[in-house]
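Scroll down for the structure; my scribbles are underneath it.
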């Protein structure tokens, strides 16, 4: 593969919106194990909430997919491969990205974490407001300035 072809493939993979219209692969081999990826993603997404036991499975799947994506990307970047193999790798990376997007968009796995972060930020803003309203923040900054 020529260097400009390699750059084109890498650009295609990293392009924003590359997953638009892309299909999740039916099966994918991750670390030597074949996974029915499309079935797994649709099985998880059709549920309204993910049971606690399934959350670990989903998180592990996401980690494995990210690792596989990185390995395939490195093969394009550094490997001595043909254009055809590069195209196949690029297409599989886009499919992995599509699956990751679907898994990342699952509400309950991320909603709980987002809610905790939001509550912490709200408490911080409230405390800051109270300190300003009570004049405590001004005293502290005045002491630091002296």
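Can you pull out the residues in the stretch 80-94 that are outside any helix (DSSP H, G or I) and surrounded by fewer than 16 Cβ atoms within 10 Å (Cβ to Cβ)? Let's see the steps before the verdict.
Initial filter on the stretch 80-94 (outside any helix (DSSP H, G or I)): 80-82.
Listed by number, the residues that qualify are 80, 82.
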Problem - Only listed residue being modelled with pLDDT of 90 or more, out of contact with any helix residue (DSSP H, G or I) (no Cβ under 7 Å at 6 or more places or on another chain) and assigned to a helix (DSSP H, G or I), chosen from 111, 70, 130 - result: 70
Handout entry: the stretch 65-79 - residue that is surrounded by fewer than 16 Cβ atoms within 10 Å (Cβ to Cβ) and in contact (Cβ under 8 Å) with a residue 12 or more places away in the chain and, of those, nearest to residue 8 (Cα to Cα)
Key = 77
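Anything in the stretch 13-53 that is assigned to a helix (DSSP H, G or I), surrounded by 16 or more Cβ atoms within 10 Å (Cβ to Cβ) and over 15 Å from the mean Cα position of the chain (by Cα)? List them, or say none. Before you say what the answer is, go through the steps one by one.
Just the residues of the stretch 13-53 that are assigned to a helix (DSSP H, G or I), to begin with: 13-14, 37-45, 52-53.
Still in the list and also surrounded by 16 or more Cβ atoms within 10 Å (Cβ to Cβ): 13, 37-38, 40-41, 44.
Hits for the stretch 13-53 are 37, 38, 40, 44.
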Problem - All positions within the stretch 1-12 that are surrounded by fewer than 17 Cβ atoms within 10 Å (Cβ to Cβ) and assigned to a loop (DSSP other than H, G, I, E, B) - result: 2
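The values are calculated or read from the model by the stated rules, or taken from the named source; none is laboratory data. In this text, all values refer to a predicted model and were calculated from it rather than measured experimentally. As a convention, Cβ positions derive from the backbone with ideal geometry for all residues, glycine included, and neighbour counts pool all protein chains shown.
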